[in-house]
1. Round to the nearest 0.05 the FRET efficiency obtained for Ala228 and Leu35 when R0 = 30 Å and r is the Cβ-Cβ distance.
2. Got a sec? Which residues in region 134-162 would a label at Thr73 touch, if it sits 7 Å along Cα→Cβ and we count backbone N under 20 Å?
3. Among 70-82, 208-220, 224-236, what's the highest-first ranking by average C-beta atoms within 10 angstrom per residue?
4. Rank the residues Val181, Val89, Val98, Val110 as a footprinting-exposure proxy: fewest other Cβ atoms within 10 Å of their Cβ go first.
5. Which of rounded, prolate or oblate describes region 94-207 when judged by the alpha-carbon gyration tensor and an a/c cut-off of 1.5?
6. Starting from 0.36 nm per residue, how many nanometres of slack lie between Thr197 and Arg19 once their C-alpha separation is accounted for?
7. What FRET efficiency, computed as 1/(1 + (r/R0)^6) with R0 = 22 Å and r the Cβ-Cβ distance, is obtained for Gln136 and Ala87, rounded to the nearest 0.05?
8. May I ask you to compute the full-extension gain from Leu217 to Asp163, defined as 0.36 nm times their residue separation minus their alpha-carbon distance, rounded to one decimal in nm?
Amino acid sequence: MSTRRTLAITRRLLQGFRRDPRTLGLLFGVPIVLLALLGYILRSGNSGPPTGVVNQDCGPLGGQVAAVLLHATVIDARDMSRADADAGVDDGSLAGYVRLPCDFTAQAQVGRIQPVVRLEGSLPSSSIAILQATQQGLAAVFAPRNIVLAPQVSYAHGGPRYDQLDYFGPAFVGLIVFFLVFVVTSVSFLRERAQGTLERLMATPVRRGEIVLGYMLGFSIVALAQSALVLLFSLYALRVHSQGNGTCLDADGTSRGNGAPIFQWACNQNDSYQQWN
């Protein structure tokens, strides 16, 4: 075996990479982009989900539980009114809130407390953290007593059946489709360059714009077919949830003028709605 010939082959291979910017981008650019996207997805919100604490208790126990929740480490808790907490959950600035009702101390005296926990619900890990902090706060205050802890949990979006795949699934669908189509496109161009197809096309009366448009349409059809297959597999095989929050919109009567109030209410539950302009 000749070391000189081996090094010559290695040098020729490296020089070929140097003259091929697409391959260099695939080798060095794409991994950085993928890792950056994964890092943004997986490491977002490490400070704890923003959580509201609404203390409406007329007795002393609500203040004790609220103080424990405000010093919890797994959530970013802040004291606020119920109106601000509802608005925060609706606009997504809060992952949820814990409300201690006016009769919270009275409930403790009869042996069963029912704090209200309202969760935004789109991120399961945040919902779990809020529920965990609520249980720990209640246990810290009522552990020596024989009291039943029964929080009333409701969700603005999602629900208790949602898991991590429901949150990360849509992002990974787009990531997988983008990555694989990019690889297939690169391999196809490399094969046609090796076979001389592009050179032969350039020697024909076909214009460069027509070549680019033809390739773009062809790969777009492949990408759409792949996206449809991956999406159907995610929805029906993996059971990734994809639905709205179950609310409906309605205008006030038949008004069509500017500034007419719009009502947002739970479908089939006309007695519960929110009004906004």
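Throughout, read-outs are computed from the coordinates displayed, never taken from laboratory work. Predicted model only: the values in this text are computed from it and were never measured. For neighbour counting, all protein chains shown are included, and Cβ atoms are generated from backbone atoms with ideal geometry for every residue, glycine included.
1. 0.60
2. 134-141
3. Going by the mean number of other Cβ atoms within 10 Å, highest first, we get 70-82, 224-236, 208-220.
4. Least crowded to most crowded, the residues run Val110, Val181, Val89, Val98.
5. Taking the square roots of the gyration eigenvalues as a ≥ b ≥ c, region 94-207 is prolate.
6. That pair, Thr197 and Arg19, stretches by 62.2 nm at full extension.
7. That pair, Gln136 with Ala87, gives E of 0.25.
8. Extra length from Leu217 to Asp163 when fully extended: 15.7 nm.
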